[in-house]
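The values are calculated or read from the model by the stated rules, or taken from the named source; none is laboratory data. This is a predicted model, so every value here is computed, not measured. Here the Cβ is made from the backbone with ideal geometry for all residues, glycine too, and neighbour counts use every protein chain on show. In case anyone asks, the SASA skips ligands and DNA or RNA and just uses the protein heavy atoms, side chains included. Shrake-Rupley method; radii C 1.70, N 1.55, O 1.52, S 1.80 Å.
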Amino acid sequence: GYSKLKIISLAKFLKQRGVKKGIGSFPYNYYFDDFIELILSPLAEVMYKKGMKKLLLSLAHDKFWQKDEDLSKRIQALKIALRHKYFETHKLYDKQDNRIGHEYERVLYSDWSDLIDQIIRMGLDYRSPKYVCPENLRELHNALLKKENKKKDEETKLEKLERNRKMNNSYIEARKKFFNINLVDEKNKFSIQVLKSVDDFYEEAERMHHCVYENKYYDMERHPNSLILSARVGEDWNNPEKRLETIEINLETYTIIQSRAVNNGVDKLHNKILALILQNMDFIQRIDKSKKIPLTNCMLEV
């Protein structure tokens, strides 16, 4: 969309700025608007005249000068790096490695450019030498990457939780008759209740590090005969001092399928938990077969 006159004017402009050769060395896929943004930048002019042509070329390859909402932030970060003479004092590679295919400066610039994008993406201070001029670039990059991936995993979990919450109503409708169950072992000071929502399943899995949520035990189509309970220590079951085990009961056979502690292990009160469940299995069966929702507080010392 640019006229021949503008191209000719650009050539003259470049010559005035001292760029007489090597225009073709810039990447062929570099957008014309972004290229103009680069050459119009006073900072780029200073860098070119100081002989930092390799740095400019690498940044062009990495779309560092791309005209977008983060361009001003990237330029601010570059100013900090130049002010601290970061590229002169830090090298990632002391020797040329033929497998890399580039000079080590290019690799350094490219890695640094990736780091700046990462810093801006994570909302960190792109004007801080702590991030912009790290003593160990790779170490900082890896640490931030780990943190970023963890955040993405958490966001993915929350998105998945939101989707799974749609099953919440069907779960409540199928299991609400059991929600008043409260089996208490006064001697060992723990109680057992039924998980009452998809959020309960998510929280249980997060604390216990097992698959009760991932395997969707709240999905009544996949697990129509599973009743999931949790044994916990403390007066308030919803805010326990400790979670002991997660228990699955088969409502077809009225047997305990599994009872798992943290990381699918076994708690020291495992046998007490099983005993309390087994001694109240008839009680659970009566609730299951009853059409009414009875008052079902049961206190039993084992």
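Observations on the structure shown:
- All told, ARG165 falls short of being in contact with a strand residue (DSSP E or B) (Cβ under 7 Å, 6 or more places away or on another chain), closer than 30 Å to ASP219 by Cβ and not aromatic (Phe, Trp, Tyr).
- Taking the criterion of being open to solvent by 30 Å² or more (accessible area, probe 1.4 Å) and part of a helix (DSSP H, G or I), the residues of the range 119-130 that qualify are ARG121, PRO129, LYS130.
- Check on ILE257, free of Cβ contacts under 8 Å to residues at least 60 places away in the same chain, among the β-branched types (Val, Ile, Thr) and either in contact with a Lys or Arg (Cβ under 6 Å, 6 or more places away or on another chain) or open to solvent by 30 Å² or more (accessible area, probe 1.4 Å) (or both): yes
- Pairs meeting the criteria (first residue in the range 131-150 and at negative phi and surrounded by 13 or more Cβ atoms within 10 Å (Cβ to Cβ), second residue among the polar types (S, T, N, Q) and part of a helix (DSSP H, G or I), beta carbons under 6 Å, at least 6 apart or on different chains) are LEU144/GLN118.
- Options LYS272, LYS268; residue that is free of Cβ contacts under 8 Å to residues at least 12 places away in the same chain and either exposed (fewer than 13 other Cβ atoms within 10 Å of the Cβ) or not in a strand (DSSP E or B) (or both): LYS268
Residue-wise test of (1) surrounded by fewer than 19 Cβ atoms within 10 Å (Cβ to Cβ); (2) over 29 Å from GLN279 (Cβ atoms); (3) out of contact with any Cys (no Cβ under 6 Å at 6 or more places or on another chain); (4) among the hydroxyl-bearing types (Ser, Thr, Tyr).
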position: ASP153; (1), (2), (3), (4): yes, yes, yes, no
position: GLU162; (1), (2), (3), (4): yes, yes, yes, no
position: PHE179; (1), (2), (3), (4): yes, no, yes, no
position: ASN188; (1), (2), (3), (4): yes, no, yes, no
position: VAL212; (1), (2), (3), (4): no, no, yes, no
position: LEU229; (1), (2), (3), (4): no, no, yes, no
position: PRO240; (1), (2), (3), (4): yes, no, yes, no
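- Cross-chain or 6+ apart pairs with Cβ under 6 Å, the range 196-212 first and assigned to a loop (DSSP other than H, G, I, E, B), then at pLDDT 95 or above and open to solvent by less than 20 Å² (accessible area, probe 1.4 Å): VAL212/GLU204; VAL212/THR246
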